[in-house]
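Step one of this worksheet: look at the structure below.
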Amino acid sequence: MNDLMSVVDWSRAQFALTAMYHWLFVPLTIGLSLIVAVMETIYVRTGDERWKGLTKFWMTLFGINFACGVATGIILEFEFGTNWSNYSWFVGDIFGAPLAIEGILAFFMESTFIAVMFFGWKKFSRGFHLAATWLTAAGVCLSALWILIANAWMQYPVGMEFDPAQMRNVMSNFWDVVLSPVAINKFFHAVTSGWVLAGVFVVGVSSWMLWRKTNVEGARRSIKIGAWVGLAGILLTLWTGHGSAKRVAEVQPMKLAAMEGLYKGSAGQDLVAIGILNPNKTPGDGKDALLMSLDIPYGLSLLIDGNTTSFVPGIDDLIKGISVNEAGDTISTVSYAERIAIGKQAHAAIADYTSARQAGDSAAMAAAADRLKDSYPYFGYGYLSTPEDAVPPVALTFYSFHIMVALGGYLLLFFIVILLVSYRKTVFLEKPWLHWVAILSIPLVWICSQAGWIVAEVGRQPWTIQDILPVNAAVSNVQSSSVEFTFWMFAVLFTVLLVAEISIMMRQIARTRDYDIEKAQ
């Protein structure tokens, strides 16, 4: 048992490591692909060669980042088979479909047209090259779409049914998986947040040029494009973030409670703007959840339901079975202790089905299958020992969520200020402190992006598939020492890759001191 838990912990750590490194590259790839396409569109429409030079400069940085994202992404997908083989067997027919489409359609699409982007300037017409650039950007978004559909299905499993004959889940409705409201919202939230990150990146790098007083006009042009894309991105990210909160409240109420550090819910629930959690708080102990907080009155109820009097359940409420139905009414549902008992009944029904099948008793098989169908919605709880096992890491979820929200507010203000000053002829050149605000905002936007991903993934623990399969039942049957070894191997490899990317990018940016980026090289 100890080795099993060690395998679970190391497998989770390795997957988290890979995902977080991968997510360093993905949003910049998404956002830069759009910015490059916009710049080339301006070049084609105006015929101004300076825009061609700018397009090629930012395209080079896009290409460097794209290559690193591909390297980490391939390893991430392989880990489903190496570290999470039980998961892959249990739901591979469903989860594998969007990943296969991503590889066959989106990845090959972007890989094909990216070659035209970089090597087709003199071989194709302006119009065809521009189309290739936009198709590359579309391919990047399509890759994100199918991957996020797979991830959203893990958060909200729909369009499937369990087949006891195969002892695995099979897809029953492809379009329920693809058009899941969680998937659609998650896709737009991820893509528009990529616009935000790339917008800050372009503004920050361009501000460095202004600080060095090199490529002044090219930097000013780039700042305007980056700031407009970033402003559109942050507005849409805030809107889709609101949608995400509503979806989480509907399908993952325990995650929402952890995001707010909420143990005892109420009607007209306040929203924590700033708070410090009580580190000694545990479910059901009666202690205060927060040592200090600055709240927005009725904010959480208003956020998720548009109604200041709506009830929002907390962790203790959910464990007891107090929840909210689709109409927004407070109801008593199945407590977590009862869910664990029902989940164990589902496990027993599977064992009975298997025994009956081996004995050739079709009547017993049918009876066991009926029992399994009734109890399967809580199948995953049968792997839990106590109701508290279903509570995610509250502190990490809470602080990550509030860091993300605070930085999101800062980025909205950042883009508004940048746009206001960028249209004044000399103000940017006269304000070195503003250059450094923009430069230092680059790591802040990455922190914001990573915090959002932590909320999404840590907040749904202990589940690989919500309510269906916890992490301790999803891992591969391997030695913990093997996973630990590959964890450190990947940690070194990814760190070297990240250092190499930063080094190459900084060298490419530093070269702007010696040449005019508005002249196509």
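For Phe174, put the label point 7 Å out on the Cα→Cβ axis and report which residues of segment 139-161 keep their amide N under 19 Å from it. Hits in segment 139-161 for Phe174 at 19 Å: 142-154, 158-161. Residues in segment 162-169 carry Karplus couplings, in order, of 8, 9, x, 5, 9, 6, 7, 8 Hz; the curve used is 6.51 cos²θ - 1.76 cosθ + 1.60 with θ = phi - 60°, and Gly or Pro positions show x. Within the accessible surface of the chain, defined with a 1.4 Å probe on protein heavy atoms only, the carbon and sulfur portion equals 65 percent. Taking amide H atoms as placed 1.01 Å from N in the peptide plane, the amide H of Ile322 lies under 5 Å from those of Thr333, each 5 or more residues away in sequence or on another chain.
Among 394-405, 355-366, sorting by the average number of other beta carbon atoms lying within 10 angstrom of each residue, highest first, gives 394-405, 355-366. The phi torsions of segment 410-421, fed into the Karplus equation with coefficients 6.51, -1.76 and 1.60 and a -60° offset, translate into couplings of 4, 5, 4, 4, 4, 5, 4, 5, 4, 5, 4, 7 Hz, rounded to whole numbers, with Gly and Pro shown as x. Stretching the chain fully between Ala366 and His347 yields a gain of 5.3 nm (0.36 nm per residue, less the alpha carbon separation). Just to verify a number: FRET efficiency for Ala115 and Arg511, C-beta to C-beta distance, R0 = 25 Å, to 0.05? Plugging the Cβ-Cβ distance into 1/(1 + (r/R0)^6) gives 0.60.
Positive-end ranking of Ala289, Thr308, Pro387 along the dipole of segment 242-398, with charges on Cβ about the Cα centre, is headed by Pro387. Pairs over the 28 Å Cα-Cα cut-off, from the set Lys320/Lys373; Lys255/Lys281; Lys255/Lys344; Lys255/Lys373; Lys186/Lys281; Lys287/Lys320: Lys186/Lys281.
Leaving out ligands and nucleic acids, note down the accessible area per residue over the chain with a 1.4 angstrom probe, in whole Å².
Per residue, the chain has an accessible area of 44 Å².
Accessible area per residue was computed with a 1.4 Å probe on protein heavy atoms; Asp467 scores about 40 Å². Amide H contacts under 5 Å for Gly275: Leu294, restricted to partners 5 or more places along the chain or on a different chain, H placed in the peptide plane at 1.01 Å from N.
Close amide H pairs (under 5 Å, H built 1.01 Å from N) link Tyr515 with no residue at least 5 positions away or on another chain.
Modelled this way, with points 7 Å down the Cα-to-C-beta line, the labels at Lys122 and Met292 are 6.4 nm from one another.
Please work out the FRET efficiency for the pair Leu420 and Asp389, using the Cβ-Cβ distance as r and a Förster radius of 56 Å; give the result to the nearest 0.05. Efficiency, rounded to the nearest 0.05: 0.65. Residues Asp370, Asp48 ordered from highest to lowest accessible area at a 1.4 Å probe: Asp370, Asp48. FRET efficiency for the Thr282 to Ser482 pair, using the beta carbon distance and R₀ = 25 Å, is estimated at 0.15. Ordering of 492-500, 196-204, 295-303 by packing is 196-204, 295-303, 492-500, highest average first (other Cβ atoms within 10 Å, averaged per residue). Residue-wise HN-Hα couplings along segment 187-198, as the Karplus relation 6.51 cos²θ - 1.76 cosθ + 1.60 with θ = phi - 60° gives them from phi, are 4, 5, 5, 5, 5, 5, 5, x, 4, 4, 4, 5 Hz; Gly and Pro carry x.
The values are calculated or read from the model by the stated rules, or taken from the named source; none is laboratory data. If you're wondering where the values come from, they're calculated on a predicted model, not measured in any experiment. Note that we place each Cβ from the backbone using ideal geometry, even for glycine, and neighbour counts take in every protein chain shown. Calculation scope for accessible area: heavy atoms of the full protein, side chains included, ligands and nucleic acids excluded. Shrake-Rupley method; radii C 1.70, N 1.55, O 1.52, S 1.80 Å.
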